[in-house]
Structure formats: C-alpha cells, structure tokens
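A short worksheet on the structure shown next.
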C-alpha cells in the first residue's frame with residue numbers, strides 16, 4: 001500500500017476536496033475513509049474495478065448521497081450538508097454513466113438547459129421568466145458547446161433518438177454549457193468505440209486547457225485515463241489503494257492486485 | 001374501558017376486512033408494479049353480482065357466492081394481469097390512468113344499471129346476536145371478521161409453506177427477483193392477481209351487509225385499504241393486515257369521540273386518508289416504487305405553431321357565435337368554458353410537468369367557496385373577488401405540492417388523492433368553505449348578469465387562461481418542466497432547485513383552478529362543493545388522458561365532452577352510461593399509448609428500462625448491496641472486462 005500524501009487544508013484553489021469520506025449501505029461499507037483532491041487546471045482520474053465505490057464517491061461529491069462520515073469542500077467551502085443544486089450553483093457539474101438526457105427534448109434544448117437550469121436556480125420568478133441578458137448568454141454558451149462537441153448538425157433531433165456515442169457528447173456539451181469550474185465525468189467512454197473515445201478525450205483536454213477548469217474522471221478505459229489524466233487515484237473495496245502519476249500506476253503492485261484479485265498478485 | 005370496548009370490537013371486525021382488501025392490493029402492486037385503483041370497484045362489482053344472483057335471480061347463496069366471489073374475480077384477474085403486463089414500463093400517468101379508467105367503468109356501469117340509491121343487501125349470514133362478556137355482538141359481523149382473519153391466516157400459511165408462495169414472497173421482498181425467477185414470472189403474477197381479486201371480492205361481499213349496497217360507497221370504502229397499505233409502507237403484507245385493523249379501530253374510536261359534533265362528523269370516515277397522507281409524507285423517500293417507468297416519449301406537435309394559432313383563433317370565433325344558436329342550452333356552453341379552465345390547469349400539471357394530482361377538484365371547490373365569502377361575505381367587487389379566490393387556492397395548491405417534494409409518481413398520486421378526500425370530507429361542510437348547508441350564494445357582475453353577457457365574460461376568462469398557459473408552456477418554466485418530466489435528478493445536478501419548480505407549477509395550476517371554481521359558482525349563482533368530489537378528480541384525469549392524443553387541444557375536447565355532449569345526449573340512460581365510456585376509453589388510450597411508446601425507435605435503442613432502474617438514487621440499498629456482492633464475486637472468480645482492459649492498458653503503456 002502506497003503511503004497517502006497528507007491532505008492540504010481546504011482552499012479556493014483546491015477545487016473539489018473530499019476528506020475521510022465514508023458511506024455505508026445497510027451494513028456494507030461502500031466507501032471507506034477516502035480522501036482526494038481534484039484541483040482546477042488538471043484532469044484527475046479515479047479508477048478501480050467494478051464495485052470499488054467510484055460512482056458512490058461521485059454521488060457523494062455531487063450531493064446525491066449524504067456521507068456517513070467525512071466532508072466535501074468545493075473551492076474552499078464546506079458543502080457537505082448542501083444539496084446537488086446548491087453545489088452546482090457553486091460551480092460543480094457532472095455527467096452520468098447512464099447519460100441522463102432529457103429524451104423528449106431536442107439536442108439543442110438539452111444543451112441549453114445546462115446553463116438555463118443554473119441561471120433559474122431556486123428562485124420562483126427566475127424559474128418562470130428569463131431576462132434578455134440570460135437568453136443571450138444561454139444562446140452563446142449553447143452554440144459554443146454544440147460547436148465544441150460537433151453536434152451542430154444534430155441540434156434539432158430529439159435526444160432520445162440518438163445513438164450512444166452522440167448521447168455521450170450531448171451529455172458532455174450540456175455540462176460544458178453550464179460553465180462549471182469543476183466537472184465530474186462518470187465513465188464517459190462506456191459504449192463508445194476507440195475513435196469516439198479519442199475524440200471525447202481530446203474535447204475534455206481542450207476544455208481544461210482553455211477554460212482552466214478541473215475535471216475528475218471516473219473511467220474504465222485505461223488508454224483514455226493514461227492519455228489525459230495527470231494524476232490518478234485507485235479505489236478498491238471502497239478504499240484508496242494508490243495515488244500518483246499514470247506512470248506510477250503501471251508499476252504499482254497494489255493496483256495490479258486490486259484488478260486481478262489478491263491471489264494473482 | 002367498557003365504553004371503549006364495543007368500538008374496539010366493531011373496529012376490529014371492519015378492520016379485519018380492510019386488512020384483507022389491503023393485502024390483495026399490496027400483493028398485486030408488489031408483484032406487477034401496477035397499483036390497482038380499481039381494487040375497490042372489484043369489491044363493489046362482486047357485492048352487486050352476489051345481490052343480483054341471490055336476491056334478484058334466486059340462486060341459492062352458496063352458488064351465488066361461488067360465482068360472485070370466485071369466478072367473476074378470476075375473470076377480472078385475467079384481464080388485469082394482461083393489462084399489467086402491457087403497462088410494465090409505461091409512464092407513471094398511464095399506469096395510474098389505466099386502472100383509474102377501469103374503476104370508473106365498473107363503478108359507472110353499476111351506477112347506471114342498478115341506480116345510485118343504496119339497495120338492501122340480503123343477509124346471508126345468521127343475524128342473531130350473541131353476548132360476549134356483557135357485549136351484544138351481531139353474529140354476522142363476527143363471522144365476517146372471522147372469514148377475513150381466516151383468509152389472511154390461510155394466505156400467510158400459503159405464503160410461508162407452498163413453493164409458489166415462497167417464490168411469491170421472494171418477489172414481494174424484492175420485485176427485481178421476478179426477472180431472475182425466469183419462466184415462473186407469469187405464473188406468479190397471474191396467481192397474485194387472482195388472489196388479489198378474490199380478496200377484494202370477498203371484502204366487498206363482507207362489507208356490503210354493514211353499509212348497504214352502494215356502488216360509490218363500496219368503491220371508496222375499499223379505498224380505505226389504501227390507508228392500511230400505507231401503514232405497511234406498500235410493502236409488508238403482515239403490517240398491511242395490521243394496518244387494516246389499526247384503521248378500523250381508529251375509525252370506530254373517532255366515531256365515538258366526535259359523536260354529536262356536527263363539525264367533526266366528517267372526520268371518522270376521512271381518517272384512513274389522513275393516515276394515508278401522513279404516512280406518505282413521513283415515509284417520503286423511504287418508499288421505493290416497484291418497477292420502472294419510462295419518461296414521457298417525445299411527442300411531435302400535430303400542427304405547426306402557425307396552424308395551431310390559426311385554429312385557436314378560429315375556435316375563439318366559433319365560441320363567440322355560440323349565443324346565436326345555443327338558445328336554452330347557453331348555460332351548458334358557459335359551463336364548458338369553466339371546465340375548459342379546469343382541464344387546462346390540470347393539463348399544465350399532468351401533461352406539461354408530468355405530475356399526477358388527484359386533488360384537483362378540491363382546489364376548484366376552494367376557489368368557489370372563497371369567491372362566495374369574498375363577494376358576498378366581504379362585499380368585494382366581482383372581478384377582484386374572482387382573482388382573489390384564485391389566490392386563496394394557491395396556498396392550498398402549495399400544500400398539495402408538499403407531497404410532490406418528497407414523493408413522485410404513484411405515491412404523489414396517492415398522496416394528493418388522500419389530500420383531496422380529506423378536504424372533501426372534513427373541510428367542505430365546515431364554516432371555512434360551504435358551511436353545514438353545503439350551498440352559498442354567489443353573484444354575477446351587476447352590469448353583465450344576463451346569460452349572454454356573462455357568457456362573454458367567461459369566454460374572456462377562458463381565452464386569457466389559455467393564453468396564460470401557452471405563455472407558461474413557452475416560458476423558461478415550461479422548458480424546465482418538460483425537462484423535469486424526463487429527469488429531475490439531472491436538472492438538480494445542473495443547479496435547478498427542483499422543489500421550487502414543483503411547488504411553482506402546483507401554485508400556478510391552483511390559481512387557474514381557483515378562478516375556475518369562482519366562475520363556476522358565479523355561473524350557477526350558487527357555490528357548492530357537490531360536483532367537486534375526489535371522484536370527480538379521478539374522472540377529470542381519465543377524461544383528459546382520453547384526449548391526450550390531441551396534445552394541447554385535449555382540454556378543449558375534454559371540456560366539451562363532460563358538458564356539451566351530455567346536453568345533446570339521446571336520453572338519461574345514455575348520459576348515465578357516459579362515465580363507463582370515459583373509463584374504458586381512458587383505459588384503452590393508456591394501454592395503446594404504452595404499446596406505441598414501446599415501439600418508438602428511440603426508446604428501444606437506448607434501453608430506458610435499464611436506465612431508469614440504474615438511475616441515481618433509485619436503486620435501493622439492498623439492490624446496491626446485491627450488485628456489489630455480485631460484482632466482487634465476478635471479479636474474484638473469472639476474467640472480466642475490467643481485467644482484460646487493464647492488461648490491455650498496460651500493454652499499450654509498455655509499447656510506448
């Protein structure tokens with residue numbers, strides 16, 4: 001087991017920081033004392049075998065699950081007790097492994113809602129009416145995202161009718177429209193072929209370089225992880241078993257054991 | 001203590017029957033994912049069938065009982081099982097409307113055929129009185145309670161000991177196991193529907209001697225089973241039976257407590273709904289719905305925006321000429337305009353935001369009562385009173401929306417149904433609403449009080465209401481609502497406070513419904529809650545869904561159907577049978593719609609069922625555990641995709 005680096009105190013630059021996160025379902029501890037940091041300007045990877053607790057960690061980060069123990073800080077603020085909408089308004093966006101698109105709406109509407117939902121927030125009047133500056137901002141952000149993800153030609157198609165590869169891109173475009181400072185991407189490559197995956201990776205790397213946002217990526221596809229992540233965390237049975245560079249992961253016995261089972265190590 | 005004892009025993013005897021009915025309801029819900037709103041109607045149908053065969057046709061009672069409680073429910077069970085299978089992953093609204101439609105059809109047919117007046121039910125059980133520890137008890141009541149208890153015990157034994165029962169129990173415990181059970185799925189479902197329908201039928205026949213043969217009352221009395229099912233959290237069968245006993249005892253005790261108080265007289269019969277509402281509110285997110293629903297599929301508009309605008313203007317023009325030809329039927333058309341507003345406000349909730357509310361009639365009634373208090377009691381100008389009546393309905397709408405924050409889909413529908421019934425039973429006759437007489441005066445505006453002038457006032461309101469709803473649908477809120485119908489979780493992770501959205505749409509809908517209530521009262525020049533029962537809420541939903549293929553024109557057609565069509569009907573008989581047509585029509589639309597959705601290419605390609613099941617937060621802790629354990633076992637036991645993938649990754653790494 002690799003020694004864990006000490007967690008820095010919560011700060012503005014640290015982006016997303018989770019400390020000593022523990023989540024149990026019934027008697028089963030899905031995530032056990034996990035601490036990790038996903039700062040701005042960096043793509044951080046979170047990998048591990050099925051059932052290691054990656055998605056559970058993600059859900060705790062975005063506020064869909066309340067941790068039993070531990071805390072979540074976003075840009076230096078403690079958001080552990082806040083709901084998903086409030087975290088999103090602080091700058092945390094996410095995609096879903098299952099691409100939770102608004103299937104009955106067009107691609108363009110889906111993408112536009114990335115910003116519109118955030119602008120509407122929790123104020124009844126703002127939810128009812130959109131002022132002109134909002135509309136202009138939403139239109140501009142939507143166009144930019146559609147362009148970035150190459151979805152311009154599909155803008156009028158209903159999202160429910162798209163193939164998986166395009167759905168992934170709509171999910172990504174939607175979260176990019178929101179202008180979030182930190183993105184949680186949940187297994188974006190599942191269901192994509194090699195060239196689609198490569199393209200997806202390129203878009204994400206490009207956005208991080210241009211906008212300076214941070215990304216926390218949960219991923220199975222090791223080629224994608226190795227090519228775009230600068231820093232990796234490896235989870236197994238709810239515990240962090242490795243933290244370090246992609247090169248370090250390749251040489252780690254602990255990671256090999258986690259994936260192949262301890263008898264193989 | 002001796003004062004309470006008789007009520008306790010009465011409570012236990014009726015409670016035992018409620019418990020039996022509720023167990024049937026929960027069993028079918030847990031195995032099929034369809035909550036049977038027609039459960040009470042099956043009870044009523046069986047009771048009437050027994051009456052018909054035994055009292056009218058003179059069959060010996062054991063044979064009549066066999067046919068009414070054994071054969072007839074079995075036939076219905078076959079129908080319900082097929083229906084449930086077709087609805088397996090329909091939208092929530094369609095799942096609800098299908099059985100609501102069946103209920104309306106059965107109850108409507110009973111009312112039309114046997115009349116609305118209660119009939120004396122033949123005493124087929126011995127009616128002698130026995131004295132137990134100083135209490136006089138009807139032998140028939142004791143036997144009824146005994147039969148219900150024996151059926152419950154027999155069912156528990158079957159559930160514990162027989163092979164089928166054990167498999168059924170596994171499915172009730174974790175409905176997802178049904179898929180793992182493979183070929184026996186159909187058998188388990190069929191048996192569940194059979195047992196569920198038998199329990200409903202038996203409880204109907206046992207309850208009828210106590211309350212008389214009244215189709216509406218029987219349908220709604222077995223609805224008491226909802227309360228019992230809620231106590232069992234729609235999941236545990238023994239707790240559900242216990243819930244039936246609790247409801248029976250509470251109702252009996254409440255009856256003894258409020259005896260003599262006019263104001264509280266409505267409380268005891270409303271108690272089960274209070275229990276239902278409170279349990280849903282408190283248990284909230286702990287209630288996990290069975291099965292999966294697909295979100296509403298994309299529905300292309302029938303007409304281009306421009307064409308529909310032209311059509312709307314044309315409709316307005318036709319409506320403006322109605323006083324020229326309507327003659328004595330003008331009040332009917334006036335009512336149609338009021339109902340247009342009612343259906344439009346319901347449409348906003350059900351179609352635009354995908355939330356099913358069964359308390360809508362209550363909101364209309366609140367508007368009607370508030371209008372009378374404001375216009376007559378306080379003497380406010382007419383227009384101000386109408387608008388304020390709408391405003392009064394808003395907080396009530398917000399209260400209905402409270403369950404919407406914590407509940408969704410089916411449980412929201414049940415919660416609002418409970419709320420609507422509570423409002424009707426407890427509040428309608430209170431001084432806050434229509435008072436003990438049930439009727440209040442309601443004026444028309446002085447300058448425009450003639451039928452023709454007032455018709456144009458209503459037309460102006462209806463047009464404004466439709467424009468308002470069109471604006472809301474096109475506003476940011478409309479876009480958010482449509483997205484929310486697909487995936488509320490995603491919207492909240494994008495930063496939207498979805499609880500605010502839900503409450504906002506309920507408030508807007510309540511405002512329009514409240515204004516409609518005020519206008520209804522003003523049209524008839526008296527405010528009464530009589531037409532605005534919880535049963536009306538069910539009917540409206542069914543009628544609206546019946547016309548759902550007409551998209552945004554549905555409220556117009558629905559309003560015409562419930563007001564104008566009966567006025568031109570061939571005779572009373574035809575009008576009596578109309579609810580049956582509504583009910584069956586709504587049921588067929590729901591079934592047809594879900595079949596059409598399944599055939600839609602987008603849905604098949606993306607596997608909505610699986611997505612919905614794995615939707616964040618939808619998986620129960622137990623399922624999560626199961627998946628984790630299975631995954632671990634798979635990782636340990638055999639080479640998996642993950643293992644292959646990481647080795648592939650390593651390979652790439654070394655090559656570089």
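Bear in mind these aren't lab numbers, they're just calculated from the coordinates by the rules spelled out. The model shown is predicted, which means the values in this text are computed figures rather than measured ones. Here Cβ is always computed from backbone atoms with ideal geometry, including for glycine, and neighbour counts include all displayed protein chains.
Once you reduce the stretch B:9-28 and the stretch B:190-219 to the center of their Cα atoms, the two points are 10 Å from each other. Between residue A:134 and residue B:449, what is the label-to-label distance in nm when each label sits 7 Å out along the Cα-to-Cβ direction? Between residue A:134 and residue B:449, the label points sit 4.5 nm apart. Compute the acute angle (0 to 90°) between the alpha-carbon long axis of helix A:164-177 and the principal axis of greatest extent of the alpha-carbon atoms of chain A; round to the nearest 10°. In chain A, helix A:164-177 runs at an angle near 80 degrees to the longest axis.
Considering all C-alpha pairs of the stretch A:99-179, those separated by over 16 Å amount to 46%. Seen through its C-alpha gyration tensor, with square-root eigenvalues sorted a ≥ b ≥ c, the stretch B:36-141 comes out prolate because a/c lies at 1.5 or above while a/b is bigger than b/c.
If you take the Cα centroid of the stretch B:104-171 and the Cα centroid of the stretch B:479-557, the two points sit 38 Å apart.
Please arrange A:126, B:30 by how many other C-beta atoms lie within 10 Å of their C-beta, fewest to most. Write out the running numbers ahead of the final one.
Numbers: A:126 17, B:30 24.
Ranking A:126, B:30 by Cβ neighbours within 10 Å, fewest first, gives A:126, B:30.
Label-to-label distance, residue B:170 versus residue B:398, with points set 7 angstrom from Cα along the beta-carbon direction: 5.1 nm. Of the residues B:81, A:210, the one with the fewest other Cβ atoms within 10 Å heads the list, and the complete ranking is A:210, B:81.
Given R0 = 56 Å, the distance between the Cβ atoms of residue B:439 and residue A:199 translates into a calculated FRET efficiency of 0.20. Ordered by the count of other Cβ atoms within 10 Å of each Cβ, fewest first, B:507, A:213 give B:507, A:213. Once both labels are positioned 7 Å from their Cα atoms along Cα-to-Cβ, the gap between residue B:135 and residue B:157 label points is 2.6 nm. Based on alpha-carbon centroids, what's the gap between the stretch A:111-172 and the stretch B:313-343 in Å, whole number please? The two parts, judged by their Cα centres, are 41 Å apart. Which of the three applies to chain A, rounded, prolate or oblate, going by the alpha-carbon gyration tensor with a ≥ b ≥ c and a/c under 1.5 meaning rounded? Prolate, since a/c reaches 1.5 and a/b exceeds b/c.
Give the Rg/Rh ratio for chain B, taking Rg as the radius of gyration of the Cα atoms and Rh as the Kirkwood radius, to two decimals. Radius of gyration relative to Kirkwood radius: 1.00. Short to long, the 10 Å bins of the Cα pair-distance histogram for the protein assembly as shown hold 2, 11, 19, 22, 19, 14, 8, 4, 1, 0 percent of all pairs.
At 222 nm, what value in deg cm²/dmol follows for chain B if DSSP H runs of at least 4 each add -39500 (n - 2.57) and the sum is divided by all its residues, to the nearest 500? Please list the in-between numbers first.
Values: 29 runs with 465 residues, N = 656.
Calculated from helices alone, the mean residue ellipticity at 222 nm is -23500 deg cm²/dmol.
Pop the C-beta distance of residue B:318 and residue A:66 into the FRET formula with R0 = 45 Å and round what comes out to the nearest 0.05. E(calc), rounded to 0.05, equals 0.20.
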